[in-house]
Amino acid sequence: MQEISFESANPFSLKDIMTNIDNLEKQEVTGILTIPDSRKKQKLPLIIGVAGSSGWGEHHFEYLKMYQDMGIATFQLQSFKSRGETSTVGTQNTVTIPMIILDSYRALEALSSHPSIDIENVAITGWSLGG
């Protein structure tokens, strides 16, 4: 496992991304990249995982492990933790869907030059708010 950091921002709405992206407050975001042990010498497909409102749960990790067992690298996006949140249940305005969308694209950019990732073979999966 490797923690990857990248710069994102804190858009409240999609309009913020489309019209004001350069003026948004910057946000450092992290994620956890896992490369399956048996496949470390070749470029691998990647699945970016995005948690729901309650954050990362055991069932999410089971899915990521299933992908890894299939020889697929995974990236556990940390949109909540990076912003000091553990859950947005009940108040979905501290980590917004536009923040998660932007984080996902910025993660893709950050991983595009990683030597173990086949950037032409990337998918995203999510649960609840992250879906």
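The values are calculated or read from the model by the stated rules, or taken from the named source; none is laboratory data. Because the structure is a prediction, the values reported are computed rather than measured. Neighbour counts are summed over all protein chains in view; Cβ atoms, including those assigned to glycine, are modelled from backbone coordinates with ideal geometry. Protein only, heavy atoms only, side chains kept; ligands, DNA and RNA dropped before computing areas. Shrake-Rupley method; radii C 1.70, N 1.55, O 1.52, S 1.80 Å.
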For a paramagnetic label modelled at 7 Å from the Cα of residue 123 toward its Cβ, which residues of the range 51-78 fall within the zone defined by backbone nitrogen distances under 17 Å?
-> 51, 60-77
How much accessible area per residue does the chain have, in Å², with a 1.4 Å probe?
-> 56 Å²
Stretched out fully, how many nm does the piece from residue 97 to residue 2 gain, at 0.36 nm a residue minus the Cα gap?
-> 31.7 nm
Rounded to 5, the percent of DSSP beta bridges in the range 27-76 classed as antiparallel = 50 percent
Selection from 24, 124, 55, by position along the positive dipole direction of the chain (Cβ) = 124
Degrees separating the helix 58-69 axis from the principal Cα axis of the chain, which is the longest one = 40 degrees
Heavy atoms only, probe 1.4 Å: what % of the accessible area of the chain goes to carbon and sulfur, would you let me know?
-> 51 percent
Check the straight Cα-Cα distances from residue 81 and name the lysines below 18 Å, setting aside those fewer than 8 residues away within the same chain.
-> 26
For the chain: relative contact order, % (alpha-carbon pairs under 8 angstrom, 6 or more apart) | 35 percent
Cα long-axis angle, helix 97-111 against the chain (0 to 90 degrees, to the nearest 10) | 40 degrees
